[in-house]
1. Using the scaling law 2.2 N^0.38 Å as the reference, what is the normalised Cα Rg of the chain?
2. Computed FRET efficiency, Cβ-Cβ of LEU93 and ASP162, R0 30 Å: what is it to the nearest 0.05?
3. Once you place label points 7 Å from the Cα toward the Cβ at ASP154 and THR35, how far apart are they in nm?
4. Tell me the label-point distance for the pair THR69, LYS104, using the 7 Å Cα-to-Cβ offset, in nm and rounded to one decimal.
5. Given a cut-off of under 8 Å on Cα pairs at least six residues apart, what relative contact order in percent is computed for the range 100-143?
6. Suppose each label sits 7 Å from its Cα in the direction of the beta carbon; what would the LYS171-ALA199 distance come out to in nanometres?
7. Give me the percent relative contact order of the range 75-157, please, defined on Cα pairs under 8 angstrom at least 6 residues apart.
8. Find out how many positive minus negative residues lie around ILE131, taking Lys and Arg as positive, Asp and Glu as negative, among other residues whose Cβ is under 13 Å from that of ILE131.
Amino acid sequence: MAHKIVLICTAILMLFSTQAWSAEPSKSDLKVKITKDIGSITVMHNGKPIVIQRNQNQKNTIVKDYALTSRQCPPFCVQPMHLLPGVETIGELKMLDYIKRASKGDPKLLIIDSRTPDWVAKGTIPTSVNIPWTQLYRKASNFEPMVVESILTDRFGATVTDGIWNFSNVKDLVFFCNGPWCGQSPTNIKTLVSMGYPAHKIHWYRGGMQAWNALGLTTIKP
């Protein structure tokens, strides 16, 4: 008798769990999906679950920070589609693949928001970390060689012996900044490749925050 009661209780719990899962709007009831087959994805950011989906308000418009169409060039010139030989240029769906890897704690991957902290404070892409472009750029006013060495070794997985860099075991890096007109992440990518960082280990989300916001995708604030 006790065994039957346990089985009945288990069946009831499974029924409620199934109903809760099927009723979850992020899985089945979204009117604005990412693709026909993907409504949303849930990732971990700083130990907390974040649901990445598109804004469900079909009258929503892009935020003011990314609404400008005509920034002065230079410096805000349109970036090429292929930045450097070997560097992968990616779109949103590939970016989501990298985000899922980062969410699962992939130790060989780092998604980097190259913007300055004032821009990051307005919102960034889940699972990314902020390494401002000025920390790697040699001509920046706050450039410090020891900071660069710390980033390369502690965060990117490079090693250095007698001033010679070894990039054989470095992480895959995914860079982004404000949009196709933004030169911050391209500057970092060019700097790293010039130092010997393997181009095939670098990936560039060219659309950046402008494209991400234009699609109504989830952003988070630090």
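The values are calculated or read from the model by the stated rules, or taken from the named source; none is laboratory data. As the structure is a prediction and not an experimental result, all values here were calculated from the model. Reconstructed Cβ throughout: ideal geometry from the backbone, glycine too, with neighbour counts over all protein chains shown. For the accessible areas, the whole protein counts, side chains as well, though only heavy atoms, and no ligand, DNA or RNA atoms are used. Shrake-Rupley method; radii C 1.70, N 1.55, O 1.52, S 1.80 Å.
1. That works out to 1.24 for the chain.
2. Taking R0 as 30 Å, the efficiency between LEU93 and ASP162 is 0.10.
3. Each label point is offset 7 Å from its Cα along the Cβ direction, giving 3.8 nm.
4. Going by the 7 Å Cα→Cβ label model, 4.2 nm.
5. Answer for the range 100-143 is 32 percent.
6. Reported label-point gap for LYS171 and ALA199 is 2.4 nm.
7. 17
8. Cβ neighbours under 13 Å give a net charge of +1.
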